[in-house]
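Single-structure report; data block below.
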Amino acid sequence: MKERKNVSALSRMLVNCASQTKEYGRCISKRVPEIERDMCLKEFLALKACMQSTENIC
């Protein structure tokens, strides 16, 4: 049952944070293969904040 709840929470995060996920993915894909730590930090932090706020709502 807990596994189903986790999948459901992840699904909600992906739906609610679609634009942030897209922006982060776009940033990373522009820089492949020269990816370095924190190079898309702004986009990552926006995605993280969205996911955390979605998690807190659940």
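Please treat every number below as a calculation from the coordinates, not as lab data. Quantities reported herein were computed from a predicted structural model and do not represent experimental measurements. Cβ coordinates were reconstructed from backbone atoms using ideal geometry, including for glycine residues, and neighbour counts include every protein chain displayed.
Points worth noting:
- The length gained by stretching the chain between Glu55 and Ile28 to full extension, at 0.36 nm per residue less their Cα-Cα distance, is 7.3 nm.
- As a length-normalised measure over Cα pairs under 8 Å and 6 or more apart, the relative contact order of the stretch 2-57 settles at 49 percent.
- Positive contributions from Lys and Arg (+1) and negative ones from Asp and Glu (-1), summed over other residues with Cβ under 12 Å from the Cβ of Thr21, come out at +1.
- Highest-first arrangement of 38-50, 21-33, where packing means the average Cβ count within 10 Å: 38-50, 21-33
- Spin-label model, Ser8/Leu45: points 7 Å from Cα along the beta carbon direction are separated by 3.4 nm.
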